[in-house]
1. Only one of (1) assigned to a loop (DSSP other than H, G, I, E, B); (2) under 19 Å from residue 172 (Cα atoms) fails for residue 145. Which number is that?
2. Within region 108-142, can you find the residues that are surrounded by 18 or more Cβ atoms within 10 Å (Cβ to Cβ) and outside any helix (DSSP H, G or I)?
3. I'm told residue 217 meets every condition in (1) part of a strand (DSSP E or B); (2) buried (at least 24 other Cβ atoms within 10 Å of the Cβ); (3) away from the ligand (no atom under 16 Å from the Cβ) except one. Can you identify the failing condition by its number?
4. Give the number of residues within region 79-113 that are free of Cβ contacts under 8 Å to residues at least 24 places away in the same chain and either in contact with a strand residue (DSSP E or B) (Cβ under 8 Å, 6 or more places away or on another chain) or within 16 Å of the ligand (Cβ to nearest atom) (or both).
5. Which one is farthest from residue 161 (Cα to Cα) among residues in region 213-227 that are free of Cβ contacts under 8 Å to residues at least 60 places away in the same chain and over 23 Å from the mean Cα position of the chain (by Cα)?
6. Looking for whichever is under 24 Å from residue 306 (Cβ atoms), crowded, with 18+ Cβ neighbours inside 10 Å and within 16 Å of the chain's Cα centre (by Cα) here; the options are 53, 75. Which one fits?
7. Name the residue that is nearest to the ligand (Cβ to nearest atom), counting only residues in region 358-391 that are outside any helix (DSSP H, G or I), on the phi < 0 side of the Ramachandran plot and without any contact (Cβ under 8 Å) to a residue 60 or more places away in the chain.
8. Within region 221-237, can you find the residues that are within 17 Å of residue 203 (Cα to Cα) and either within 16 Å of the ligand (Cβ to nearest atom) or exposed (fewer than 15 other Cβ atoms within 10 Å of the Cβ) (or both)?
Ligand code: GLY
């Protein structure tokens, strides 16, 4: 009999190296296991309650109702953990919590409909192929979102509260993904057309020369001019609110995905450069505002890091010059978020996965705390990392 020329140790080593180069690294596996345990804990805590874990308030779990802008993130996290683990328990729970959002299809009171419906129903559709109840909710929501578009301003209105005449915030770039999907699904270009107009207007008014972004632009609904540029959640009108920079990066990356228009790729790459040049922390998890006055004691925002991480994994696929730099930066964020400095201990943190996000510091709200959207974009990053390594 011919002898095997390769000793068993060599074959085992090859196998081991192969799995090391995939996402089966100990830190990655620990992150998925921790996320799985934490979300199981939140599901048990929820029982039959209809609500959505958002953050921690006064040492209790803060739940919100379906009309809160973050309502899609908990169901969305359950879809991602189902995808990462293959565990049907999560699939059933994800479907249950997504179903609770059904009446959002009749809601027109915010631009955040994209977050609320695409992160929940959008993931359900992607992972299950959908049933007859899902698509009508998503299409009707897209119709409601474009009903907030104004021809004079060429933007979708963000908020219905406050003193502004017609406020549009950089976060609104995140709601366009639903519109791109709606045009692709229905073959009706009207949704994509609104998304493109909104993205173009935002590119014109929301960014400074260095491609940092303002948070809120107020528009005149007669002339369409920008009346004021400033912030709501950042430190000052001319500062760099960390999550806003991340929303812009993610938003223009999505615009490029769906249009292949080079100006969106350039916008995303210019924003990426601004972020990478200006996040001055050793671990790349930004302070809540890049120029917060109390740096280095200022609170961090893990959510901004998670959004940036997920966006850079995608952008690394499109960039001809900086793919490796984006990938390495994103991988460093992901490893650092998965370290004990940011990743919760199992059983702690009211079932949230990450610690140290900041929601709205000027309003003294959600400072240095877990928040559901940090968990959502962290899980999305883990999923993108895993996909990257299995290709
Ligand atoms: N979209 C609101 C926020 O980022 O806090």
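1. Of everything listed in (1) assigned to a loop (DSSP other than H, G, I, E, B); (2) under 19 Å from residue 172 (Cα atoms), residue 145 misses just condition (1).
2. 110, 111, 112
3. (3)
4. The number of residues fulfilling the criteria is 0.
5. Among residues in region 213-227 that are free of Cβ contacts under 8 Å to residues at least 60 places away in the same chain and over 23 Å from the mean Cα position of the chain (by Cα), the one farthest from residue 161 (Cα to Cα) is 225.
6. Result of the check over 53, 75: 75.
7. Going through region 358-391, the residues outside any helix (DSSP H, G or I) turn out to be 358-360, 364-371, 391.
Cutting the leftovers down to on the phi < 0 side of the Ramachandran plot gives us 358-360, 365, 367, 369-371, 391.
Now narrow it down to the ones that are without any contact (Cβ under 8 Å) to a residue 60 or more places away in the chain: 365, 391.
Working: 365: 10, 391: 31 Å.
Within region 358-391, the match that is nearest to the ligand (Cβ to nearest atom) is 365.
8. Answer for region 221-237, where residues must be within 17 Å of residue 203 (Cα to Cα) and either within 16 Å of the ligand (Cβ to nearest atom) or exposed (fewer than 15 other Cβ atoms within 10 Å of the Cβ) (or both): 225, 227, 228, 230, 231.
The values are calculated or read from the model by the stated rules, or taken from the named source; none is laboratory data. Predicted, not measured: the structure shown is a model, and the values here were computed from it. Cβ sites come from the backbone with ideal geometry, for glycine too, and all protein chains shown count toward neighbours.
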